[in-house]
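> First the structure, which I've put down as structure tokens, then a few questions once you've had a look.
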Amino acid sequence: MKKIERIFEEIIFISRWFQLPIYMGLIMGGLIYLYKFISELIYLLWNIFNLSSSQIMLGILTLIDISLVANLLIMVIIGGYSTFVSRIDFKNSEDKPIWIDKIDDLTIKLKLSMSIVIIAAIDLLRSFIDIEHIKPEDIKLQLLIFGVFLLTVIVFVISKKLYQFKDH
């Protein structure tokens, strides 16, 4: 019976590698966002003299939005892989991100939720800039969604503080 249990546990342990194709897909998603960023930047540069300042600001907010989503992807790919699949050996690389050594699943959730709040705030700002084309109900819905995301971050921060307090 112990042998069957050991085999089963080995299968469970090996199954963590099932996530590898998911992380590869997220890397491809990052490439798609890179393409989207470059095309938006080229559009802004090409039309700089034909766009109003509001249109330029909306374009720049789109670039910031894309950048934040790309950051989310990197956090999920590196953090998720190193937390749930296998450690990444950076060989004391000088350009290793600072947050890598302090990453755990709660930290990933906190960073992700904070980024989502920022993205929601940028979308809300985009709506306020283009307010004449947005229905009041849509603004209210965006504010509600932003509030829910913000509440989620507050809960994660409190959870992390309680978790750290418990360990000390």
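The values are calculated or read from the model by the stated rules, or taken from the named source; none is laboratory data. In this text, all values refer to a predicted model and were calculated from it rather than measured experimentally. Reconstructed Cβ throughout: ideal geometry from the backbone, glycine too, with neighbour counts over all protein chains shown.
> Output the residue which, of all residues in the stretch 122-168 that are aromatic (Phe, Trp, Tyr) and without any contact (Cβ under 8 Å) to a residue 40 or more places away in the chain, is farthest from Thr107 (Cα to Cα).
Phe128
> So Trp99 fits all but one of (1) surrounded by 13 or more Cβ atoms within 10 Å (Cβ to Cβ); (2) at pLDDT 85 or above; (3) closer than 26 Å to Gly29 by Cβ; what number is the exception?
For Trp99, the exception is condition (2).
> Which one of Ile64, Ile11 is aliphatic (A, V, I, L, M), out of contact with any Cys (no Cβ under 6 Å at 6 or more places or on another chain) and surrounded by 12 or more Cβ atoms within 10 Å (Cβ to Cβ)?
Working: Ile11 fails: surrounded by 12 or more Cβ atoms within 10 Å (Cβ to Cβ).
The match here is Ile64.
> Would you say Ile22 is touching a helix residue (DSSP H, G or I) at 6+ places or on another chain (Cβ under 9 Å), surrounded by 15 or more Cβ atoms within 10 Å (Cβ to Cβ), within 27 Å of Ser159 (Cβ to Cβ) and not basic (Lys, Arg)?
Against the criterion (touching a helix residue (DSSP H, G or I) at 6+ places or on another chain (Cβ under 9 Å), surrounded by 15 or more Cβ atoms within 10 Å (Cβ to Cβ), within 27 Å of Ser159 (Cβ to Cβ) and not basic (Lys, Arg)), Ile22 does not qualify.
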